[in-house]
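The structure that follows is given in the form of structure tokens.
The values are calculated or read from the model by the stated rules, or taken from the named source; none is laboratory data. This is a predicted model, so every value here is computed, not measured. Cβ placement follows ideal geometry from the backbone for every residue including glycine, while neighbour counts extend to all protein chains displayed.
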Amino acid sequence: MDNATKVAAIKKISRAIDRMDYFEILSVRPGISSHDIRKAFLRLSRQYHPDRFFSSADPELKEAVHKIYKRISEAYHILSDPSRQVLYHQQISGPDRDKKLRYQSDVTASSTTRRDDLACTTPQGKKYFSLGLTALRQKNLGAAKMNFKLALELEPDNPAILEQLSKIDTVVKPR
């Protein structure tokens, strides 16, 4: 296969990958072992790692490879955990398959979590914010508030963090 054909194939995969579930992305079947998932991930990772295309002058190709590699990594992260794999398979087996191709551990909070997590700019801020969201889902308001406050120290005036803190403050009223 010549280089132009490879580039065209990569761009085609990039356009189709958002309609593929994680099993299709890694070319594995549901119920597969973590070991076999790792093998599939490593094979695809070597093929589509963005570093292999670093010297390419084609920005569209670089973007396509990045998108493919991101989905491969996302698929590996979910499918390598047996409990997540089962939950994900259940999600995509229903009537709303197309809406559930990206894994959602907590369906009610997933879109808010992703949007808010993107609002954090520092790695430590994201870490504490994520810990706060986890504690909030577990209904541990004290831990959630503490983690959101730590995130706010790193990112003062971050609206997503302030919003989460205000939600906690409305639930926990001072005595």
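Kindly indicate whether any position in the range 17-37 is farther than 26 Å from Asp98 by Cα and charged (D, E, K, R).
Within the range 17-37, none of the residues are farther than 26 Å from Asp98 by Cα and charged (D, E, K, R).
Something else: For the range 1-44, enumerate the residues that are farther than 18 Å from Asp58 by Cβ and of a type in the set (S, T, N, Q).
Residues satisfying the conditions are Ser27, Ser33, Ser34.
So, one more: Taking the range 83-113 on its own, how many of its residues are surrounded by fewer than 14 Cβ atoms within 10 Å (Cβ to Cβ) and at pLDDT 80 or above?
Looking only at that region, the number is 10.
In this structure, is Pro59 touching a His at 6+ places or on another chain (Cβ under 8 Å) and surrounded by fewer than 19 Cβ atoms within 10 Å (Cβ to Cβ)?
no
I would also like to ask the following. List pairs: first in the range 37-52 and in a helix (DSSP H, G or I), second of a type in the set (Phe, Trp, Tyr), Cβ under 6 Å, 6+ apart or cross-chain?
Close Cβ pairs (under 6 Å, with a partner that is of a type in the set (Phe, Trp, Tyr)) amount to Phe41/Tyr76; Tyr48/Tyr69; Pro50/Tyr69.
Can you tell me how many residues in the range 74-99 are free of Cβ contacts under 8 Å to residues at least 12 places away in the same chain, more than 17 Å from Gly31 (Cα to Cα) and either in a helix (DSSP H, G or I) or β-branched (Val, Ile, Thr) (or both)?
Of the residues in that region, 1 qualify.
While we're looking at this one, here's another question. Out of the range 37-70, which residues are closer than 25 Å to Ser93 by Cα, out of contact with any Ser or Thr (no Cβ under 9 Å at 6 or more places or on another chain) and at pLDDT 95 or above?
If the condition is that a residue be closer than 25 Å to Ser93 by Cα, out of contact with any Ser or Thr (no Cβ under 9 Å at 6 or more places or on another chain) and at pLDDT 95 or above, then Lys39 is the only one that fits.
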